[in-house]
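None of the figures in this text is laboratory data; all of them are computed from the coordinates on show. What you see is a predicted model; the values in this text were computed from it and never measured. Note that we place each Cβ from the backbone using ideal geometry, even for glycine, and neighbour counts take in every protein chain shown.
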Amino acid sequence: MIPSSSPPQHWSGRITAHVSAASYDSYSSARRWAKRGSVSVVDQGLVSGANYFVSVFFVRLLSPSDYGAFSISFSLFLLLAGLHNAIVLEPLSVVGPKRYAVAMAPYLRAATIVHLMTAGGLALSVAAMSLLLPAGQHSVAEALQRMAAGSFFVFLFWLLRRQCYLLGKPAHAARASGVYMLTLLAGIYLWRQFGSPSPGTPFLIMGISSVAASLALIPMQTRILREDNAALDSASLRGVARSHWRYAQWILGAAGVAWLAELSYPMLLGIYANSESAGAYRAGELMVIPMYQFVSALSLPLQPWVSSRVALRGTEYLKDFFVKGSLLVGGATVLYAALLLLTSRSIVALAYPKNYSFPVLSILVPLCGWLIVRTNSEVVIGVAMRGAEATRAIFWSGGIGAVFTLLAGSALIQAYGIRGAAWSKLAGSFLQAVVLGCFFFRIAPPRSIKVCR
């Protein structure tokens, strides 16, 4: 097993200084956390902004049916991302600082092997699935195959970025994200000039850009991790794999049900309506995604900090975090939604072809409502529950939302198309927030919540 007692004397301390409980306690300085949070926002903004540009750009470049095939495949990509996040990335942020703070280098080496096995298995599964689709689904099958190839390298880049936060080097992640964005934009330009766009083209460009960004991070990661020369044996790997699995059991199920409850609507539209509807729905989602990703970016440095603070202060910290987080996140998302609705016609006319205007505008109100509800439940309550390792609550809230999607969501889609999908997404997210809130208030009763000075 990887040691979890005192660190070896030959360590220089560059790693442990950023992951020990003592260093996390120093995060109580608002100025220091604001600096790290701002770097995280830049990092996430570069990656998300590049991916967002790809989605918007290909709305104009692809036919409605081909963009629908891309949207359906992207929905499945988000499922793979959720599974990889549950098995690799979330345990990295929560289990790593708590259990392997004094043995970070061998832990990260073992976690990288767990990542390679997970990402490889997911990619092979999707490639096999694409071969089983009927002949009439050629566009979707082609998009799935290219998504399987690209996802392996995208997930590697995500792993390296997350390791930067664990090592206290968020600026390295931001620089690599800049490489990703520049490579992606160059790839789009070259493909537009010399290639023939297809539903799978965005995934190939994302994969190639991830390789370039990963190459920018690997030398730095290798140099830092060599500070500990402890050998990685099979017992260490098994110990890390067990630690990740124990944490991920409920989160893994939660990832599946969360995808079904929140992210499966393009696929359901492809099943119950048509691929054009799936593409129009995805175009509507792109209007609220920037704010959602901006708020979600804060959870990267926030999650390990909350986890360590909960270990030090217990539920008293959860109460403080809930009140302040709800006020900040709720206020920001309400303001964004109001501005978006006021300027929606101009933005849609500028960003999309004319045939997208009516369907996108018809679903903006429920999608803005979803943005407000989802960011508060996921970034505020969700981060708090993960920090307390109460992951069953996340599973059960997502499970109830998934059942709602399968029953009410499917019926609403068949009856009202993309409008039924949008209103179902809002209602399901609200139901999940209520369930998650009930679990949270069992840990931190509302009658004792107060804002701590």
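Restricted to Cα atoms, segment 334-389 shows a radius of gyration and a Dmax of 15.2, 48 angstrom. Computed as a quarter of the hull surface, the mean projected area of the alpha carbon convex hull for segment 264-453 stands at 11.2 nm².
Ordering of 72-80, 115-123 by packing is 72-80, 115-123, highest average first (other Cβ atoms within 10 Å, averaged per residue).
Listed by Cβ neighbour count within 10 Å, with the fewest neighbours leading, S65, S198, S40 appear as S65, S198, S40. Centroid-to-centroid, using Cα positions, segment 287-339 and segment 50-112 are 20 Å apart. So how far apart, in nm, are the two label points at L124 and R246 if each is 7 Å from Cα heading toward Cβ? Those two pseudo-labels are separated by 2.8 nm. When shorter helices are ignored and each DSSP H run of at least 4 residues is given -39500 (n - 2.57), the per-residue value for the chain at 222 nm works out to -26000 deg cm²/dmol. Working from label points 7 Å from Cα in the Cα-to-Cβ sense, the N355 to F441 distance is 4.9 nm.
Average projection, convex hull of the Cα set of segment 144-209: 4.3 square nanometres.
Judged by the mean number of other Cβ atoms found within 10 Å, the most tightly packed of the peptides 199-206, 210-217 leads the ranking 199-206, 210-217. Structural descriptor for segment 264-453: relative contact order 33 percent, calculated from alpha carbon pairs under 8 angstrom and at least 6 residues apart.
Using the Kirkwood radius over Cα pairs, work out the Stokes-Einstein diffusion coefficient for the chain at 4 °C and 1.567 mPa s, in µm²/s as a whole number.
Numbers: Rh = 22.6 Å.
Reported coefficient: 57 µm²/s.
Dipole magnitude for the chain: computed about the Cα centre from +1 point charges on Lys and Arg Cβ and -1 point charges on Asp and Glu Cβ, it is near 1120 debye.
Go through 242-252, 103-113 and give me the packing order, highest mean Cβ count within 10 Å leading.
Numbers: 242-252: 18.9, 103-113: 23.2.
Averaged packing, sorted descending, gives the order 103-113, 242-252.
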